[in-house]
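Report on the structure given below.
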Amino acid sequence: MLIKTPAKSTLTENHVTDESVYSGRRSLLKKMGFLGAGTLLSTATTSSNAEGFNFFSSDKESVFKRSAIKYSPASNAAKSEILTPETKVISHNNFYEFGTKKSDPINNAQAFKVNPWALKISGEVNKPFTLDYDDLFNKYAIEERIYRLRCVETWSMVIPWLGFSLSEIIKQADPTSKAKYVAFETLDDPKQMPGQRSRRLGGGIDYPYVEGLRIDEAMNPLTFMSVGLYGKTLPPQNGAPIRLVVPWKYGFKSIKSIVGIKLVEKMPPTTWNILAAKEYGFYANVNPEVDHPRWSQASERRITSGGLFSRNRTATLPFNGYGEEVAHLYKNMDLRKYF
Amino acid sequence: MRAKSNFPPVWLVKVFIHIGALLPLVNLYWLAYLDELGADPVKEVIHFTGIGALNLLLLSLTLSPLAKFLKQGKLISLRRVIGLYAFFYAVLHVLNFLFFEVQFDFGLFIDEVFDRPYITVGMVALLILTALAVTSVNKIKRGMGRSWQKLHNSTYLVGTLAVIHFYWSVKSELTSPLIYIILFIFLLFLRRDKFTRWFS
């Protein structure tokens, strides 16, 4: 029998710091009051420097932990477009709850708590129910969908989302005949979301953020509830743990970190429409023919890899190129009036 | 006289102004070229040069009141170089828009300038600023006599248009444009005697 005598310096499993202890060491030190004012200030919400490059730093414990998801991959046909690199997808975000600059969400959202979560489906339904954090990943078959995302500010991305069709949730709830619209609501938690605490940081928006769809838009197979991207769960800056993705509408319709889905009879209020009704309509379909009052919507810049000199301006397509699937929803409507 | 002798040589201050104005630009375009300026380097270079132009313009407007307050007449001699850098940044701001945002689509560029009031306002500001930059050459300045000062009083118009342009361009985050508007109004307030003379 071979008897191994370990050297004194050899570490055994007993020596390994439990990961949760390790990753919590900052907050532990803070609780014990060991850190000076300077270190505490470094976590202030308005870190304007570093411009979203924090995730390259070695300070890994401050980065939100994403886990792998099992999913059925998108068809090869969907993969013909050049994807926006993951680092850009997760560092260039409009999520005013965490600040109005594109780099604010990645800098301010890393401590966001997504588990436990409760997504409540209610309103004009026969079977209201609530999904908890695990339900989001286990209750429905998760598939990959590669969608173009067109922001109303004229930039666009191509993103491999993971999730399931919104229609699955709605069908499960069994809507009544009065269910004409679907109203969505983001988490209201000023303690976690600096933009909700301060009108200055939050861009003057009345929170919680609310969005809405017509029931037929919501039931369209393209309308997607995303719980992940690039093979893993969503990072907070992209709307963890669950967000809407409506690829033929401007990005602001795709509400993030959803806690409520309510089926309603009347057209629900929507955040950007409340803020500036002349600039942002309820429908907000991507439409190169209808300009934003302050800029043209005829073309867009596709954010991919490549720096300042990449020629990335392309024509914007009606319904963001998804007209075949969704144009029929609006066939007798004047889309200039209902923009 | 004692106060004046404390002032460092003007040429040395100007060297620092050149470095302070040019080095950030080298850094900016280098990072943008490497694609290390956030996810959208185009937006970054446009915003950086726009805000930079406004900062420099307001700085140039700070010099006269500051020279009076500190009794440092030499500060006045820095107005031109800083004003010219404000012009330079504003030109880059527009070129960034043309080169990198609309990417040489001249039709779209013209449409945007005339269709979007906030861009029209910015463009008018730049045109006036161009006239000020061109006439800042000593020879021309001397040749213009009294009309030079009249023309250069339009700096205040440029400042007004520039802060409106900024305020009008943002989606909803009005805080920073409002700060600039307040700063600008304060700089005008410091010149209230001058304005009352104009209008009396």
task: For segment B:171-200 and segment B:98-157, write down the distance between their C-alpha centroids in whole Å.
output: 20 Å
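About its Cα centre, what dipole magnitude does chain B give when the only charges are +1 on Lys and Arg Cβ and -1 on Asp and Glu Cβ, stated in debye to the nearest 20? Don't skip to the end; give the middle numbers.
On the way: 20 positive and 11 negative charges, 415 e Å.
My answer is approximately 2000 debye.
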field: Restricting segment A:279-332 to GluC sites (Glu not before Pro) in coil, as DSSP defines it, with at most 16 other Cβ within 10 Å
entry: A:Glu279, A:Glu289
field: Flagged links, alpha-carbon separation over 22 Å, of A:Lys101/A:Lys256; A:Lys113/A:Lys266; A:Lys101/A:Lys262; A:Lys120/B:Lys171; A:Lys65/A:Lys253; A:Lys191/A:Lys256
entry: A:Lys113/A:Lys266; A:Lys101/A:Lys262; A:Lys120/B:Lys171; A:Lys65/A:Lys253
Trypsin sites (Lys or Arg not before Pro) restricted to segment A:117-225 and DSSP loop, no more than 11 other C-beta within 10 Å: A:Lys191
- line: Taking Cα atoms only, Rg over Rh for segment A:63-330 with Rh from the Kirkwood formula is 0.93
field: Inter-label distance for A:Lys79 and B:Ile179, nm, one decimal - labels placed 7 Å from Cα along Cα-to-Cβ
entry: 4.6 nm
Dipole axis of segment B:2-192 (+1 Lys, Arg; -1 Asp, Glu on Cβ), positive-most option in B:Gly83, B:Leu174, B:Trp148: B:Trp148
- prompt: Within straight cross-link reach of A:Lys88, meaning Cα distance under 16 Å, which aspartates and glutamates are found once same-chain residues fewer than 8 apart are removed?
  reply: A:Glu51, A:Asp104, B:Asp35, B:Glu36, B:Asp40, B:Glu44
task: Going by C-beta contacts inside 10 Å, put B:Ser172, A:Ser103, A:Ser75 in order with the fewest on the left.
output: A:Ser75, B:Ser172, A:Ser103
query: In nm, to one decimal, how far is the modelled label at A:Ser67 from the one at B:Phe106, with both set 7 Å along Cα→Cβ?
result: 5.9 nm
- request: Rank the residues B:Asp35, A:Asp206 as a footprinting-exposure proxy: fewest other Cβ atoms within 10 Å of their Cβ go first.
  value: A:Asp206, B:Asp35
task: Take every residue in peptide B:167-176, count the Cβ atoms of other chains within 10 Å of its Cβ, and give the average of those counts.
output: 6
message: Cα atoms only: what Rg and Dmax, in Å, come out for segment A:269-339?
response: 14.2, 43
message: Net charge around A:Leu213, counting only other residues with Cβ within less than 9 Å of its Cβ (Lys, Arg = +1; Asp, Glu = -1)?
response: 0
Selection from A:Ala111, A:Ile121, A:Tyr147 lying farthest towards where the dipole of segment A:94-160 points positive, charges on Cβ: A:Tyr147
message: Give the residue list of trypsin sites (Lys or Arg not before Pro) in segment A:243-308 that are DSSP loop and have at most 12 other beta-carbon atoms within 10 angstrom.
response: A:Lys266, A:Lys278
field: Degrees, to the nearest 10: B:79-96 long Cα axis against longest axis of chain B
entry: 10 degrees
- prompt: B:Lys71: which lysines have alpha carbons under 18 Å from its alpha carbon, excluding same-chain residues fewer than 8 sequence positions away?
  reply: B:Lys4
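I'd like the mean, over residues of B:38-48, of how many other protein chain beta carbons sit within 10 Å of each residue's own Cβ.
6
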- prompt: A:Leu229's amide H: which non-local residues (gap 5+, or another chain) put their own amide H closer than 5 Å, with H modeled 1.01 Å from N in plane and none for Pro or chain starts?
  reply: A:Leu162, A:Leu234
query: How compact and how long is segment B:2-192, expressed as Rg and Dmax of its alpha-carbon atoms in Å?
result: 17.7, 59
query: Normalized C-alpha radius of gyration of segment A:123-281, against 2.2 N^0.38 Å?
result: 1.01
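Determine one quarter of the surface area of the Cα convex hull of the protein assembly as shown, which equals its mean projected area, and express it in nm² to one decimal. Mind showing how you got there, number by number?
Working: hull surface 147.8 nm².
Computed as one quarter of the Cα hull surface, the answer is 36.9 nm².
Any read-out appearing in this document is the output of simple, stated calculations on the displayed coordinates, not a laboratory observation. Here the structure is a predicted model, which means the values were calculated and not measured. Cβ: placed from backbone, ideal geometry, glycine included. Neighbour counts: every protein chain shown.
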